[in-house]
Structure formats: structure tokens, C-alpha cells
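*Asks:* Just passing along the structure, written as C-alpha cells.
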Amino acid sequence: MKEQIQIFDTTLRDGEQVPGCKLNTQQKLEIAKELEELGVNVIEAGFPVSSPGDFDAVKQISETIKGTTVCGLSRAVDKDIEIAAEALKNADNPRIHTGIGTSDFHIYSKLMTTPEKVIERTEYAVRTARNLCAEVEFYAEDAGRTDNAFLAKVVEKAIASGATIINIPDTTGYCLPEQYGEKIKYLMDHVPNMDQAILSTHCHNDLGLATANSIAGVLAGAQQVECTINGIGERAGNTSLEEVVMIINQHEHIRRETSINTKLLNQISKLIEFEMNMPVQRNKAIVGENAFSH
């Protein structure tokens, strides 16, 4: 029997952070409905504290989408978490996605704090979110450049505090596939309570390795992939949903499956291309105009 890989789509959050790709609430609602029809398991609808428009979009998507988990992003900050919970309060399946930077660069240069304080803030943020929402996902920002032993401590604390999904972002697209796979395997082997949560990949494409890293993560034990339609996202983009899904579908030895209706991939690709004014290059894998011609 094949293991089910959860597909977490962040087109409406991470994808929308591309300059010039801002969507209004009506456009977000239309895309959310298409994502639900496509079969994604989780829709990250936005970052509610970032603007009244994002709050309204997450709220309306929460009230409209009923079969799919609707997720709102927050930082490890009280106000962020409270506003995310408020935006999600009418969702049938709400999820708060909260977290903090864990690499030395983030700890010492961005947050101006200490590793011990990061672990304390992890516990506090997850507990706060868990008191307001039935499901909490925790992200360790810049996990790709985080020491594995310290990352394992943070993950253990996040799970003990109530997180049931742990996101391991390669925030800068820095890792090689073998490094990213080893990181996931390290956590599977060294976090005592890892069986109480699932690991998620969230890879960026700065070096063109987002899809390869995500598949390496899946092969090492990750059970959720965070991705976007057409691979849109900040800088060089995120993991491409259609690439990951088709790789899993085409390679029997991966022994995984997804709930995605692959017949709808081209249709939603064109919708995102139009609504976000982000042309798909002709030689883009799976959905490019030239992908099945020669």
C-alpha cells in the first residue's frame, strides 16, 4: 500500500509575495475553489496580520472552503497568532502555521537573541496557537542552514507543545538534495517524539533544486510537501506542485501517492498564469507549452 503525501499549496501566500502578483479577495476565492477541486490537502490562504486585505481573504476562504484544511501564517508573536485565529474561526478545518528562525544567522543577526530564547519562544508560540486552534503547524525558518542537533531540539519542543506538523524550510534554496534528505532523516532518527507529528518540506528554488530537494525529503520520510502552482514564489520561486505530483505519480519505486487530480493541472496552471500575470516559460516542465511537443 502506498503512503499518502499531503499536498500543502501556498500559491495564495508565498506565491503572492512575488512583486506584481497581488490578488484581490475575489481572485483568491476563485483560486481557492480551484485548488480544492484539484485535490490539495491544505490551502495556505494568506498571512492575516500583514494587511486588512489578507485578513479578509483568509476569513472569506475559511467560510467558503469546507473540504480542505485552510491555513493562516503567523510569526511567533501574540498578535500574529491571535489575528490568524480570528481570520480562521469559521473554517471547518483550520490550521495556524507559526514559527521562528533557527539558523545562526537568524538567531544572532536577525532576531538578536540566543538559541535558548528561540526554544522558549517556540514553546510559547505553539502553546498559544494550540489554545486558539485545533491544529498547529510549526516552521523552523532557515532550517536548511540550521545545525541538525539544535534543529532536533527545537522540533522536539514544538511537538511537545502541541504542533502536529513540522515544516523544515530550505528558506534560501541553499541545500543540495542529499543534504536536505539527510536533514529530514536526522530528525526522523533523533527527535524522540517525532512519531507524534509529520514532517513537511518547504523548498525554495534559488539554485534550481526545490523539486529535487522536496523529493529527497519525501524519500527520507517527509509526509507533506509545501509547493505552489507553476513554482511561483519569491526570488526564483518555490517547489512546483505539478512537478512534485507528477514525479510521485510516475515513479512506482517512490511508493507514495497524492490526492491530486492530475487532469486539472494544466487548467489551474493557466488560471494562475492569467490571474497573477506571471507567464509560464514555454519549456517549463509539465505545464509549459513545449513540454509535450518536439
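Since every read-out is calculated from the coordinates, none of them should be taken as a lab result. Computed from a predicted structure; not experimentally measured. Heads up, the Cβs are rebuilt from the backbone with ideal geometry, glycines too, and the neighbour counts pull from every protein chain shown.
*Asks:* Show that you can apply the helix-only estimate: for the chain, add -39,500 (n - 2.57) for every DSSP H stretch of four or more residues, divide by all residues, and state [θ] at 222 nm to the nearest 500.
*Replies:* On the way: 9 runs with 115 residues, N = 294.
Theoretical 222 nm ellipticity from helices: -12500 deg cm²/dmol.
*Asks:* Simple spin-label model, 7 Å along Cα-to-Cβ: Ser293 to Glu3 in nm?
*Replies:* 4.0 nm
*Asks:* Something else: Less than 13 Å Cβ to Cβ from Thr164, Lys/Arg counted +1 and Asp/Glu -1: what total charge do the surrounding residues give?
*Replies:* Working: positive: Arg95, Arg130; negative: Glu135, Glu137, Asp195.
My count for the surroundings of Thr164 gives -1.
*Asks:* Could you name the aspartates and glutamates in cross-link range of Lys28, using Cα to Cα under 17 Å and dropping any fewer than eight places away on the same chain?
*Replies:* Asp9, Asp14, Glu16, Glu36, Glu37, Glu44, Asp54, Asp56, Glu63, Glu273, Glu275
*Asks:* Related question: Can you sort His190, His97, His294 from fewest to most other Cβ atoms within 10 Å of each residue's own Cβ? Walk me through the numbers before you get to the answer.
*Replies:* Values: His190 15, His97 28, His294 3.
Fewest-to-most ranking of His190, His97, His294: His294, His190, His97.
*Asks:* How are the Cα pair distances of segment 1-156 distributed, in percent, across 10 Å bins from 0?
*Replies:* Percent of pairs per bin, in order: 11, 38, 33, 16, 1.
*Asks:* Take every Cα pair under 8 Å in the chain that's 6+ residues apart, average their separations, divide by the length, and report that relative contact order as a whole percent. Could you put the intermediate results ahead of the total?
*Replies:* Values: 654 pairs, mean separation 55.0, N = 294.
This gives 19 percent for the chain.
*Asks:* Could you work out how far the C-alpha centroid of segment 100-161 sits from that of segment 178-233, in angstrom?
*Replies:* Cα centroid to Cα centroid, the span is 17 Å.
*Asks:* Could you give the length gained by full extension between Glu182 and Cys21, i.e. 0.36 nm per residue of separation minus their alpha carbon distance, to one decimal place? Walk me through the numbers before you get to the answer.
*Replies:* Working: separation 161, 0.36 × 161 = 57.96 nm, distance 3.44 nm.
Length difference between fully extended and current span is 54.5 nm.
*Asks:* Where the convex hull is taken over the Cα atoms of segment 12-103, what is its projected area averaged over directions, in nm²? Don't skip to the end; give the middle numbers.
*Replies:* Working: hull surface 24.3 nm².
Across all orientations, segment 12-103 yields a mean hull projection of 6.1 nm².
*Asks:* What ³J(HN,Hα) values, in whole Hz, does the Karplus curve 6.51 cos²θ - 1.76 cosθ + 1.60 give for segment 278-294 when θ = phi - 60°, with x put for Gly and Pro?
*Replies:* Values, residue by residue: 10, x, 7, 4, 4, 9, 5, 4, 6, 10, x, 4, 8, 4, 10, 9, 8 Hz.
*Asks:* Further, regarding this structure: What Rg and what Dmax come out for segment 120-216 when only alpha-carbon atoms are used, in angstroms?
*Replies:* Considering segment 120-216 through its Cα atoms, Rg and Dmax are 13.1, 39 Å.
*Asks:* Could I ask something else about it? Please give every one of the aspartates and glutamates within straight-line cross-link reach of Lys2, meaning a C-alpha to C-alpha distance under 14 Å, and leave out same-chain neighbours fewer than 8 residues apart.
*Replies:* Of all the aspartates and glutamates, those that pass the test against Lys2 - Cα under 14 Å, at least 8 places apart if same chain - are Glu252, Glu257.
*Asks:* About its Cα centre, what dipole magnitude does the chain give when the only charges are +1 on Lys and Arg Cβ and -1 on Asp and Glu Cβ, stated in debye to the nearest 20?
*Replies:* Numbers: 28 positive and 42 negative charges, 7 e Å.
Value, rounded to 20: 40 debye.
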